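Beneath this line is the structure, given in structure tokens, with notes to follow.
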Amino acid sequence: MLKIEVLGWKTLEIENLVMDLNGTIAVDGKVSDKVAKRVYLLKPELNIVVLTAGTHGRLEEIKKRLQVEVVKIEQGKEKVQKREYVRKLGGSKTVAIGNGANDELMLA
């Protein structure tokens, strides 16, 4: 668990990090060394999950490289599936990172 004190507000207790893959932590399905290192540094503190439709393939390679859970979701229904995954983990204890229209609901 990662505790983040927001001065004047409250302390956040984060257990999960959910990330989109392509365009967020990967380019054309490839994760840079810099990103992989940062994911590695967060692993002792957080349950990390990568959600992707697998557009560029390489899911097993990414899973092996990052050593985190990689969940393939159905193309065309990404928004809803990502939101439901975050809800399943518990939205109040989960941070989500994404940069596309299909990440909108999980970020809300």
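The set of residues in region 40-88 that are touching a Leu at 6+ places or on another chain (Cβ under 7 Å), within 26 Å of LYS3 (Cβ to Cβ) and either at pLDDT below 95 or charged (D, E, K, R) (or both) comprises GLU45, LYS82, ARG83. Scanning region 42-58 for residues that are of a type in the set (A, V, I, L, M), assigned to a loop (DSSP other than H, G, I, E, B) and either open to solvent by 80 Å² or more (accessible area, probe 1.4 Å) or within 18 Å of GLY90 (Cβ to Cβ) (or both) yields a single hit, LEU46. On the basis of being free of Cβ contacts under 8 Å to residues at least 24 places away in the same chain, hydrophobic (A, V, I, L, M, F, W, C) and in a helix (DSSP H, G or I), does LEU12 make the cut? Judged against the criteria, LEU12 is not a match. Of the residues making up region 79-90, just one is more than 13 Å from the chain's Cα centre (by Cα) and either open to solvent by less than 50 Å² (accessible area, probe 1.4 Å) or of a type in the set (Ser, Thr, Tyr) (or both), namely GLY90. Of the set (1) open to solvent by 30 Å² or more (accessible area, probe 1.4 Å); (2) closer than 15 Å to LEU107 by Cα, all apply to GLN75 but (2).
Screening GLY98, GLY76 for residues that are at positive phi and of a type in the set (Gly, Ala, Ser) leaves exactly one candidate, GLY76.
Inspect all residues belonging to region 27-41 and state whether any of them is part of a helix (DSSP H, G or I), of a type in the set (Phe, Trp, Tyr) and open to solvent by less than 80 Å² (accessible area, probe 1.4 Å). Checked region 27-41: no residue is part of a helix (DSSP H, G or I), of a type in the set (Phe, Trp, Tyr) and open to solvent by less than 80 Å² (accessible area, probe 1.4 Å). Considering only residues that are open to solvent by 40 Å² or more (accessible area, probe 1.4 Å) and of a type outside the set (Lys, Arg), look in region 10-21 and name the one that is nearest to LYS82 (Cα to Cα). Filtering first and then ranking leaves GLU15.
The values are calculated or read from the model by the stated rules, or taken from the named source; none is laboratory data. The shown structure was predicted, so the numbers you read here are calculated from the model rather than taken from an experiment. So basically every Cβ, Gly included, is an ideal-geometry build from the backbone, and we count neighbours across all protein chains shown. Surface areas here come from the heavy atoms of the whole protein model, side chains and all, with no ligands, DNA or RNA. Shrake-Rupley method; radii C 1.70, N 1.55, O 1.52, S 1.80 Å.
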